[in-house]
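A.B. asks: Below you will find the structure I want to go over with you.
Read-outs throughout are calculated quantities, based only on the coordinates presented, and are distinct from any laboratory measurement. Owing to the predicted nature of the structure, the values given are computational and were not obtained by experimental measurement. So basically every Cβ, Gly included, is an ideal-geometry build from the backbone, and we count neighbours across all protein chains shown.
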Amino acid sequence: MKKSLITGVIIIAVVLVLLFTLKGSGSSSVENINSVEGDIKIYKSLTCGCCSVYSQYMDRRVDPEVNTFDVQDPQIIKRQYGVPAELESCHTTIIGEYFVEGHIPLEAIEKLMTEEPDIAGIAMPGMPSGSPGMPGQKYGEFIIYAVNHDGTYNEFMRI
C-alpha cells in the first residue's frame with residue numbers, strides 16, 4: 001500500500017513539474033514582439049467591434065503598450081503603409097518597422113519579428129472565421145502573405 005502511495009505522489013509531482021515547464025515555455029512565444037521598442041499601434045474604423053477584440057487579444061499577450069486609434073478613413077493608413085488592396089482587412093497594426101494587416105495570430109507576428117525580413121509587412125486578407133478577434137470556428141489554414149516594399153507579395157506562412 002505504501003509503495004503505491006509513493007508511486008502516486010511521484011507521478012503527480014512529475015505531472016506538475018511538466019505542466020509548469022510547458023506553461024513557462026509558452027511565455028517566450030512572444031519574446032521578439034516583447035523586445036520591440038515603442039508601442040504597438042492599431043488603426044481601425046470607428047464602428048468595428050472585431051478590431052476592438054483583436055486589440056484586447058494583443059494587449060493581454062504582449063508587453064509593449066497597445067494603442068488603438070479610431071480613424072474616420074482606414075484607407076489612408078493602408079495607403080500610407082503600402083497595404084495592397086487585395087490583401088486588406090478591417091484594421092492595420094504597426095509594430096516596429098512593419099505593418100500587420102488583419103486578424104493575424106501572434107505566432108506569425110513573432111516569426112516576422114524574429115526573422116526581420118526586408119519587407120513592408122504581413123497581411124491576412126478579409127476577416128477569417130476563428131482568427132484572433134473573429135467569432136466562429138476556424139476552417140482550414142490561415143494564409144499570411146509577406147508584402148514587399150514594391151507592393152508585390154508572396155506566401156509568408158500558414159497557420
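A.B. asks: When you check Ala146 against the structure, is it buried (at least 18 other Cβ atoms within 10 Å of the Cβ), without any contact (Cβ under 8 Å) to a residue 40 or more places away in the chain and small (Gly, Ala, Ser), yes or no? Talk me through it step by step, then tell me what you get.
C.D. replies: Values: buried (at least 18 other Cβ atoms within 10 Å of the Cβ): yes; without any contact (Cβ under 8 Å) to a residue 40 or more places away in the chain: yes; small (Gly, Ala, Ser): yes.
When the stated conditions are applied, Ala146 passes them.
A.B. asks: Right, something else. Within the stretch 52-83, work out how many residues are within 19 Å of Tyr145 (Cβ to Cβ) and either in contact with a Pro (Cβ under 9 Å, 6 or more places away or on another chain) or of a type in the set (Lys, Arg) (or both).
C.D. replies: Number of matching residues: 3.
A.B. asks: Another question, if that's okay. Where residues in the stretch 123-137 are surrounded by fewer than 13 Cβ atoms within 10 Å (Cβ to Cβ) and not polar (S, T, N, Q), which of them is nearest to Cys51 (Cα to Cα)?
C.D. replies: Among those that are surrounded by fewer than 13 Cβ atoms within 10 Å (Cβ to Cβ) and not polar (S, T, N, Q), it is Pro135.
A.B. asks: Quick one: which strands (runs of 3 or more DSSP E) lie wholly within the stretch 53-159 and hold at least 2 residues that are over 21 Å from Lys41 (Cβ atoms) and in contact with a strand residue (DSSP E or B) (Cβ under 7 Å, 6 or more places away or on another chain)?
C.D. replies: Where strands (runs of 3 or more DSSP E) fall fully within the stretch 53-159 and carry at least 2 residues being over 21 Å from Lys41 (Cβ atoms) and in contact with a strand residue (DSSP E or B) (Cβ under 7 Å, 6 or more places away or on another chain), they are 153-158.
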